[in-house]
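Just so you know, all these numbers are worked out from the coordinates, no wet-lab data involved. Bear in mind that the values here come from a model prediction, so they are computed numbers and not experimental data. Here the Cβ is made from the backbone with ideal geometry for all residues, glycine too, and neighbour counts use every protein chain on show.
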Amino acid sequence: MEIKDIRKLQNGSDVRGVALEGVAGEDVNFTQDMAMKIAFSFATWLEKKIGNRIEKTPLTFAIGRDSRLSGEYLAQAVALGLVSKGNNVYQCGIATTPAMFMTTLDPVIDADGAVMVTASHLPFNRNGLKFFTRDGGLNKEDITAILEMAETIETGFTPGGQAVDYDFLPSYSKNIVTLIREKTGAEQPLAGAKIVVDAGNGAGGFFVDQVLKPLGADTRGSQYLDPDGNFPNHVPNPEDVVAIDHITKAVRDNQADLGIIFDTDVDRAAIIDEKGNAINRNGFIAFIASMLLADYPGSTIVTDSITSTGLTEYIESLGGKHHRFKRGYKNVINEAIRLNNAGIETHLAMETSGHGAIKENYFLDDGAYLVTMALIKFAELHQAGQPISSFLEGLKEPAEAKEIRLKITAPDFKAYGEKVLAEFDNFAASQPGWTVVQPNHEGVRVSCDSTAGNGWCLLRMSLHDPIMPLNIESDSIGGCAIIETVLKEFLEKHEALV
């Protein structure tokens, strides 16, 4: 694998690639040498970005990793690239993505930049990098600049750099515990509550011993807490059906009051009520939104494009405003920041995937912070003798939901996709009982009345791949089939969609 292929590793605002051999049909395209050069380039880029705004040299960096098998040696390569520039490096070992940002605010580490070695929920053979400065996570254009630099940069060695091991999770956890105690006014607000955690053998197992137990929770029945990059039990992904089945079973088997599931690097999460019902996707957005709208009445909630009509109705019933935007966690976060800068009060940016960022938490994509908010509300309900399931009784969930992923076989898939969307816009406007939703920031969304399926559909382009996802929801059993029948009439005319 040649260094000139580094730019192909970009995946939006992240770096992602295949780091391990042994999976049929997938060759390694992300190596230690690449990781070292990318880290060296990140340090060079940050030096130029900071310029004369700081007096101290060298810079300070923190590095963390999730449990992936390739994580340790890639983290070592990142450390080498940073130390080679003469910088100081804190090697935090197993850590979480949000914790790595917090190293830039920590009074001990006081990092100028941070790197998390992770590929989130992707298969075990993948890995990647996420980058932070004190301004937050890097944007897509920043990653492009760093990877372009990495393909041509001549690495060197500047004396004076050093790397030290530093376990940051205890400090990070202590801050979470302190926040929950302050908000609830109790030393052990979870006393008498049974809470089970499923960490999926990722990096989130610390939450049991370092957060829940100090707050008084009974955590017996928690599972898959030990980091294991083989992910032997299930994919660590709060959207995955098998993963949700595992945590819901644990809640029921242990008669728990609450279940918590994290993804590999803890930037996403979901919670499970005492009945074993998942509060994820639209439900988790509604849960967090309801808390923030109580503190900030009338404010705006930014979500991705595939959220349900029921969620809009729920947010509006609480006096909030729902602003659907594009898929991609950085897209919704940046849109929330833009709205605030435009004078539109916005405190939550959240995707149905579980990615969520809150203004008071630096708009950081932070699953642990979302769970922290849920625990504060849970403690309040638990003390009042109310189950967690009672909190979302006003949220209308769809009776049916379906996603179809259509592959584009045309050579120029982006141009073809845009053509399909333009034609679909015209087609939808002509269908009885269909109304094209406006404003709409991604693809074409259609509202279907009670005579035409009683729901909605959304056709859009994938962010990176030659795919057109088609989402359909209905508030009536059989409604998705009615909507899909009309859609087939349109799709069958496009041979390059399969």
**Asked** What whole number of Å gives the distance from the Cα centroid of the stretch 205-267 to the Cα centroid of the stretch 422-479?
**Response** 36
**Prompt:** For the stretch 291-307, what does the Karplus curve 6.51 cos²θ - 1.76 cosθ + 1.60, with θ = phi - 60°, yield as ³J(HN,Hα) per residue in whole Hz, taken in order and with x for Gly and Pro?
**Reply:** 5, 6, 5, 5, 8, 10, x, x, 6, 9, 10, 9, 10, 7, 7, 9, 5
**Near-label residues of the stretch 380-415 by backbone N, under 15 Å of a point 7 Å along Cα→Cβ of GLU360** = 380
**Prompt:** Ordered by residue, what ³J(HN,Hα) values in Hz, to whole numbers, does the stretch 116-127 give under the Karplus form 6.51 cos²θ - 1.76 cosθ + 1.60, where θ = phi - 60° and Gly and Pro are x?
**Reply:** 10, 8, 6, 10, 6, 8, 5, x, 4, 7, 8, 7
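Suppose every K and R has +1 on its Cβ and every D and E has -1 on its Cβ; what is the size of the dipole of the chain about the Cα centre, in Debye to the nearest 20? Working shown, then result.
Numbers: 45 positive and 67 negative charges, 111 e Å.
So the magnitude is around 540 debye.
Can you order the peptides 471-482, 379-390 by their average number of other Cβ atoms within 10 Å per residue, highest first?
Final packing ranking: 471-482, 379-390.
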**Request:** Give me the number: length gained by fully extending ASP253 to LYS407, i.e. 0.36 nm times residue separation minus the C-alpha to C-alpha distance, one decimal in nm.
**Result:** 51.4 nm
**Message:** Tell me the mean residue ellipticity at 222 nm calculated for the chain from its helices only (DSSP H runs of n ≥ 4, each -39500 (n - 2.57), averaged over every residue, nearest 500).
**Reply:** -10500 deg cm²/dmol
**Message:** At a 10 Å Cβ-Cβ cut-off, how would you order ILE195, ILE146, fewest neighbours first?
**Reply:** ILE146, ILE195
**Message:** Expected output is a single nm value to one decimal: the length gained when fully extending between ASP135 and GLU423, i.e. 0.36 nm times separation in residues minus the C-alpha distance. What is it?
**Reply:** 99.6 nm
**Complete:** Calc'd 3J(HN,Hα), the stretch 268-285, phi into Karplus 6.51 cos²θ - 1.76 cosθ + 1.60 (θ = phi - 60°), Hz, glycine/Pro = x, comes to 9, 7, 8, 10, 10, 7, 5, 8, x, 8, 6, 9, 9, 6, 4, x, 6, 4
**Request:** Report the net charge of residues surrounding ALA399, where surrounding means a beta-carbon distance below 10 angstrom and charges are Lys +1, Arg +1, Asp -1, Glu -1.
**Result:** -3
**Request:** Have a look at TYR329, PRO123, VAL242 and report the one farthest towards the positive end of the charge dipole of the chain, computed about the Cα centre with Cβ charges (Lys/Arg +1, Asp/Glu -1).
**Result:** TYR329
**Prompt:** Once a ≥ b ≥ c are taken as the square roots of the eigenvalues of the Cα gyration tensor of the chain, is the result rounded (a/c under 1.5), prolate (a/b larger than b/c) or oblate (a/b not larger than b/c)?
**Reply:** oblate
**Prompt:** Given a Förster distance of 35 angstrom, what is the FRET efficiency for LYS48 paired with SER390, based on the Cβ-Cβ distance and rounded to 0.05?
**Reply:** 0.05
**Message:** Could you tell me what a quarter of the Cα convex hull surface of the stretch 400-491 works out to, in nm² with one decimal place?
**Reply:** 5.5
**Request:** Grab the other residues whose beta carbon is less than 12 angstrom from that of PHE42, score K and R as +1, D and E as -1, and report the net.
**Result:** +2
**Item:** Gain on full stretching of the segment that runs from GLU21 to PHE157 - 0.36 nm per residue minus C-alpha separation
**Value:** 45.9 nm
